[in-house]
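Notes to accompany the following structure.
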Amino acid sequence: MNQSEKIATLKQVVEDLLQEARHQGADAAEAGVSAQTGLSVTVRLGETETIEHTSDNGLGVTVYFGQRKGSANTTDLRPDAVRESVAAACRIARYTSEDPAAGLADPDLMARNVPDLDLYHPWELDADGAAAIARDCEDAARSLDPRISNSEGASLYTQRSSFVYGNSHGFVGGYPSTRHSLSCSVIAQQGEDMQRDYWYDSNRVPADLADPAEIGRQAAERSLARLNGRQLGTRQCPVLFRADVAPSLLRSLFSAIRGHAVYRKSTFLLDQVGTQIFPDWVSISEDPLRPRGQASAPFDNEGVATRYRELVAAGVLQGYLLDSYSARKLGLQSTASAGGVRNARIASTGQPFDQLLSEMDKGVLVTELMGQGTNMVTGDYSRGAAGFWVENGEIQYPIDEITVAGNLEDMFRQLLAVGNDNDIPGSVDTGSWLIESMMVGGD
């Protein structure tokens, strides 16, 4: 079955489900169904360690009796199983309390014209071919330096997906997509000191993945750079979050402006729309319709048409991230955010990484964050970290067992620059963040 036929089959499953919901008395219903196939191969120390073929289905159905809601899930797409899932959702809905905010998204917001975002690029690759690519990646890492003493392996993963969503507004839409990734993790040793690090790439298009040898080389270089780490005394100083850890700061922003956090009053950015929360040069956007984007989607998880949107302009918060439920709770309109932010980007101030080091002059470069230390109610931020001590604009030595702490409101306001080193893989487009001052806890 080709991908077009698979999408057509899944659309029929959704249409049959919606009809069954009507037959069982539901006033409205919605369903999302997905089908995925994948291949994962891991090579370690030159030998193929694991080969895994995956084939997964998933279906979620929600029904509404007035404003009473019931949901059910299944991995079985056979007609009998689908009917039983609908029946289970209906049983739940009949016994739940009415919720004035419950219901389908506004019919006027549905994605009536679903654009092709060029997300489907399958990789005709068998296990042997995948193992050969992973082996090249690991070999490049292991051969870079004799101090690379061991390996956790290199892994290649390729996946094909089909997704269809439909609801009682008459909307049924779907699209296929692919995702491919290659990663490598190795261990460097010098004397008694052992350090591990990794690198990776991911893409919709297999030909656009980074060269396997380059991924391996970066994994080895990152591991070697961490050798002979030192501890650091507690101090207040500038902090530079490297581009591969900076996305976590944007995700903290997104968590704080989610509609569900806002109507529950569990965010430090409550009632901050129209308020300046960053310096006036900061612009943050999402672009769900970017062709081949890692988080691109023509509609959100409720069928609402996605669009380009400025989340922060001139440092001012422009709005919240709303699905239909949180929008109703707040008396607002959905922003097509069911399922999260898609292809987020913060504009760069243009400096390359080395210039950011020079501008910081003396401080901490953070290359790894550990633990969960963010309080979204107060904005208090405290994370375990590792990285490098910088003086005179140059990296001096690696540091570990430190904590970086502050408050997200202060950190956002004290953002001095965002680098142009935004060539990291992933769905969040950002360079390194230079923050004026944070508390660094060490010895």
What number comes out for the charge environment of P107, summing +1 per Lys or Arg and -1 per Asp or Glu over other residues with Cβ under 13 Å away?
-3
Whole-Å distance linking the alpha carbon centroid of the range 237-313 with that of the range 127-191 is 27 Å
Going by how many other beta carbons lie within 10 Å of each one, how would you line up S34, S183, S4, fewest first?
S4, S34, S183
At the level of C-alpha centres, the distance separating the range 1-41 and the range 316-355, in angstrom, is 29 Å
With every atom except the alpha carbons ignored, what do you get for Rg and Dmax of the range 148-201, in angstroms?
20.6, 67
All lysines inside 29 Å of K265 as judged from Cα atoms, apart from same-chain residues fewer than 8 positions distant
K69, K329
Based on alpha-carbon positions alone, could you give the equivalent ellipsoid semi-axes of the range 1-117 from the gyration tensor, as √(5λ), descending, whole Å?
34, 18, 15
Can you give me the three principal axis dimensions of the chain from its C-alpha atoms, in Å, biggest first?
71, 55, 35
Compute the distance in nm between two label points, each set 7 Å from the Cα along the Cα-to-Cβ direction, one at D16 and one at V273.
4.2 nm
Could you give the radius of gyration (one decimal) and Dmax (whole number) of the Cα atoms in the range 229-443, in Å?
17.6, 53
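Which net charge results for the neighbourhood of A295, defined as the other residues with beta-carbon distances under 13 angstrom from its beta-carbon, given Lys and Arg at +1 and Asp and Glu at -1?
+3
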Average projected area [Cα convex hull, the range 3-225], square nanometres
16.1 nm²
Using 20 Å as the cut-off for backbone N distance, which residues of the range 313-330 belong to the label zone defined by a point 7 Å from the Cα of M376 along Cα→Cβ?
317-330
With S283 itself left out, Lys, Arg at +1 and Asp, Glu at -1 over residues whose Cβ is under 13 Å from its Cβ give -3
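Rule-based calculations on the coordinates, nothing more; no lab input. Just so we're clear, the structure is a prediction, and the values are computed from it rather than from any experiment. A quick note on method: Cβ atoms are made from the backbone with ideal geometry, for glycine too, and the neighbour counts reach across all protein chains shown.
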